[in-house]
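Worksheet: the structure to be examined is printed underneath.
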Amino acid sequence: MIVGYMLRINQNPMRHLSTRKMKLLNLSLLIHLCPLLLVSTQPTDQPPFSCDSTDPLTKSYKFCKTTLPINRRVEDLVSRLTLDEKISQLVNTAAAIPRLGIPGYEWWSEALHGVAFVANISQGIRFNGTIRSATSFPQVILTAASFDPYLWYRIGQAIGIEARGVYNAGQARGMTFWTPNINIFRDPRWGRGQETPGEDPLVTGKYAVSFVRGIQGDSFEGGKLGESLQVSACCKHFTAYDLDNWKGINRFVFDANVTLQDLADTYQPPFQSCIEKGKASGVMCAYNRINGVPNCADYNLLSKTARGQWGFNGYITSDCDAVSIIYDEQGYVKEPEDAVADVLTAGMDLDCGEYLKNYTGSAIEKKKVAVSDIDRALHNLFSIRMRLGLFNGNPAKQPFGNIGSDQVCSQEHLNLALEAARNGIVLLKNDNRLLPLAKTEITSLAVIGPNANSSETLVGNYAGPPCNPVTPLLGLQSYVKNINYHPGCSTVNCSSDLTDEAMKIVKGTDQVVLVMGLDQTQEREAHDRVDLVLPGHQQKLVTRIASAANKPVILVLLCGGPVDITFAKNDQNIGSIIWAGYPGEAGGRALAEIIFGDHNPGGRLPITWYPQNLTKIPMTDMRMRPEPSSGYPGRTYRFYQGLKVFEFGYGLSYTNYSYEFLPLTKDKVYLNNQSSDKIALGYKSVSEMGTELCEKSKLPVTVRVQNNGEMDGKHAVLLFVRQAETGNERPIKQLVGFNNVDLKAGEKAEIKLELSPCEHLSSAEGDGQMVVDEGSYFLSIGDKESEITVVFSEDTSDAATSKLMILPRILIFFYIYSFIHSYAYCSEMN
């Protein structure tokens, strides 16, 4: 989104020479590299709001009466606006309406993994007053590796609190944050995969629900939100968006060919969860087209599916300039007014850009747009602003008004950032138990690598200025004072070979730590990778240092997307490998704690790590399922049939865990509420079963987990299911549940999960219909399996029990009847 304008300027410079867009040409790359240099210098000390109780004029406005339902208040407000005023509210930088006491509003703010800002484009958030920084949590892909929904919730909650704190300090012009990114990380080359929770629809959906509930002010279980919003979350990018700029094909013109089958069981479920369970108040439609239709102009997607089927109650925004590209780049319509008409008719409410401001008036004149469509959009928009309390008078006297600047970068939030980094970091290799290092035995370290002392690399993209960043080098220095450091490469792309210089600090040190990987020059928005190997001479550097070291080295990788490190996996001179993602401001400390054994790693990979030869497959191929006849291997662990460097869910620990399935309450699931033509085909549609049967068929799954080692540890327990007979385009296996368990050495615990056959055992048919197959399924955790069977016929055990119950009932009835009859006869005789 941030660099969208810049990329299009480069593609067609004569069409996009607005002052606003040209600023990005020089500044967009600095956004994530030099955040402190880009803050606005305009001071302010009071948050903007409407309906000031000290203004006698506002007392006459119904939209200021908080005792009225929001629906009626919004109707009153919209009815007072002129057409020009209405149009001015349809863009992300909504104009002020002074005559009604309504200040300007900025819809565009960012908070992917901490409160951020979009310098020189959006002034939603500014770090130019009493608040100069915000807690920077790990990039989402690493947080997801914890497989801990409650951690995700608490991070969202902390970000929401800090966002309110910034607003209350007068440093925000909006409280709508365009986060989370819940697209599926389908292809490892995607530059924005780092922003997502990974490749699995269940994990991504649960992350969306947990994070959105936290940031918006709901409870972890949900259902306590009501009308008031702490801040507004926005699930993006709707839908099937996972290509930015690959070999000259960019997201603005990309037409994703997606099957109904893949939409139903891969691309759409996270958004459905975000809306139905998370109650997100915003959704962003994506740049790309799906099967020829732009996402922001797709009525079936925005109105029929999101609002109609899933019950979405919020606003829908475009990605930035997504409306303009429908005409300018995609050529989907004949004139700009058609683009305006298409998106408003489809159900979009807000344009991040200026197209609706520029062309809605002429679209009305040409009778392409009805004023009622504008009013509908304004109703959705002003409803959100009212739910945020921005029309309730002085925010200091409202809910969330007591959140002060002291809650931004609070110790509680800094501790949470550290916890998130600790629990997300994944141990990929640990030959001969090289780790953890003994503190008493290591007196000197050689730390080598371009990512060892880079605070910018720590935070990834969409980050604000962190409170107190700790690089890996700084973290290690808290354990070992005698450290020799060399970057090994001049930059992460490692085009300059400094291996010989780095080799000089290896000799004589007790241990070598190499901190390599990627950064935002290699993977980011508008920049997808073309290779999966380490950049430049990094592999050469690692190999030579490892061969020269006195003992096997430790390799740490900072990166969002996976890297083919088969060479390191098989190199006996590399004893341990750690993936640390982009671990946020506390990442260096968390990493050092793991290396020296003050924390036992328990993270698991949320994405498959593929070999380099996957790059032979076009990134534009959106198919999830394999096609053996053409050699297409499929995508993600659910369907991919090729070689892997590391599997989804892989992760080591300093201790050993064992698992045991406790007996299921039933090992047969009967789905037989009514007859079906499809039963003869061996499957049954979920929609046909109905809610009641689906609820009734749920069963608990209990697993006993034991820590058999000598070190306490916390790790994720992942429950998978596979069909006994795969094929028919069904998943090889799929994740159906997960939870975290924290066990002391030797301790055991029972973990309770729930299996919902309608959700967890279903997969999509070619037409997108979700079905459950009859037959055997195997639940698995670690190396243990437990079989269950889905049956469509009548539950004979229950039927037999019912028949046995009939005879006693008949006898009781006969006894009562005989007694009454005898009593009546005797009474008559007397």
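Checking every one of the trypsin sites (Lys or Arg not before Pro) in the stretch 300-352 against DSSP loop status and a limit of 14 other Cβ atoms within 10 Å picks out LYS334. With just the Cα atoms defining each centre, how far is the stretch 395-441 from the stretch 155-178? Give it in Å. About 20 Å separates the Cα centre of the stretch 395-441 from the one of the stretch 155-178. On the beta carbon distance between ASN672 and GLU759, with R0 = 25 Å, the FRET formula returns roughly 0.85. Cross-link partners of LYS784 among lysines, defined as those whose alpha carbon lies under 17 angstrom from its own and excluding same-chain residues fewer than eight positions apart: LYS733, LYS748, LYS752.
Length gained on full extension, GLN46 to ASP406, computed as 0.36 nm times the residue gap minus the Cα-Cα distance: 128.0 nm. Near GLY597, the amide H atoms lying under 5 Å from its own belong to LEU437; only residues 5 or more places off or on other chains count, and H is placed 1.01 Å from N. Given the choices (1) -0.64, -0.82, -1.02; (2) -0.86, -1.00, -1.13; (3) -0.72, -0.90, -1.09, log10 I(q)/I(0) by the Debye sum over Cα atoms at q = 0.08, 0.09, 0.10 Å⁻¹ derived from the coordinates of this structure is entry (3).
Residue-wise HN-Hα couplings along the stretch 622-633, as the Karplus relation 6.51 cos²θ - 1.76 cosθ + 1.60 with θ = phi - 60° gives them from phi, are 8, 5, 8, 7, x, 9, x, 4, 9, x, 6, x Hz; Gly and Pro carry x.
Put the Cα centre of the stretch 484-557 next to the Cα centre of the stretch 282-361 and the gap is 44 Å.
Restricting the stretch 172-229 to GluC sites (Glu not before Pro) that sit in a DSSP loop and have at most 13 other Cβ atoms within 10 Å of their own Cβ leaves GLU221, GLU227. Distance between the 7 Å Cα→Cβ label points at ARG80 and GLU710: 7.4 nm. Net charge in the neighbourhood of ARG722 (other residues with Cβ under 11 Å of its Cβ; Lys, Arg +1, Asp, Glu -1) is 0. Would you mind checking LYS86/LYS334; LYS65/LYS279; LYS86/LYS368; LYS429/LYS481 for any pair whose Cα atoms are more than 21 angstrom apart? With Cα atoms farther than 21 Å apart: LYS86/LYS334; LYS65/LYS279; LYS429/LYS481.
Between ASN570 and LEU662, the simple label model (points 7 Å from Cα in the Cβ direction) yields a spacing of 4.5 nm. Taking 0.36 nm per residue of separation and subtracting the current Cα-Cα distance, fully stretching the chain between THR54 and ASN128 would add 23.8 nm.
Restriction of the GluC sites (Glu not before Pro) in the stretch 378-443 to DSSP coil positions whose beta-carbon has at most 13 other beta-carbons within 10 angstrom yields GLU441. Each Cα pair under 8 Å and six or more residues apart adds its sequence gap; the mean of these over the residue count of the chain is a relative contact order of 13 percent.
Label sites at SER776 and LYS481, each approximated as a point 7 angstrom past Cα along Cα to Cβ, lie 6.5 nm apart. Give, as a single signed number, the net charge of other residues whose beta carbon lies under 15 Å from the beta carbon of GLY631, with Lys and Arg counted +1 and Asp and Glu -1. Every neighbour counted, the sum reads +2.
Among 684-694, 206-216, sorting by the average number of other beta carbon atoms lying within 10 angstrom of each residue, highest first, gives 206-216, 684-694. Descending by average beta-carbon neighbour count within 10 Å, the peptides 599-608, 502-511 line up as 599-608, 502-511, the highest first. Here the peptides 129-137, 291-299 are ranked by packing, the mean other Cβ count within 10 Å, and the order with the highest first is 129-137, 291-299.
The calculated FRET efficiency for VAL371 paired with LYS696, based on their beta-carbon distance and R0 = 56 Å, is about 0.70. Counted over the stretch 246-333, the DSSP beta bridges are approximately 35% antiparallel. Summing charges over neighbours of PHE63, with a neighbour being any other residue whose Cβ is under 11 Å away from its Cβ, gives +4 when K and R count +1 and D and E count -1.
No value in this document is a laboratory result; all are computed from the given coordinates. Fair warning: this is a prediction, and the values are worked out from it, not measured in the lab. Here Cβ is always computed from backbone atoms with ideal geometry, including for glycine, and neighbour counts include all displayed protein chains.
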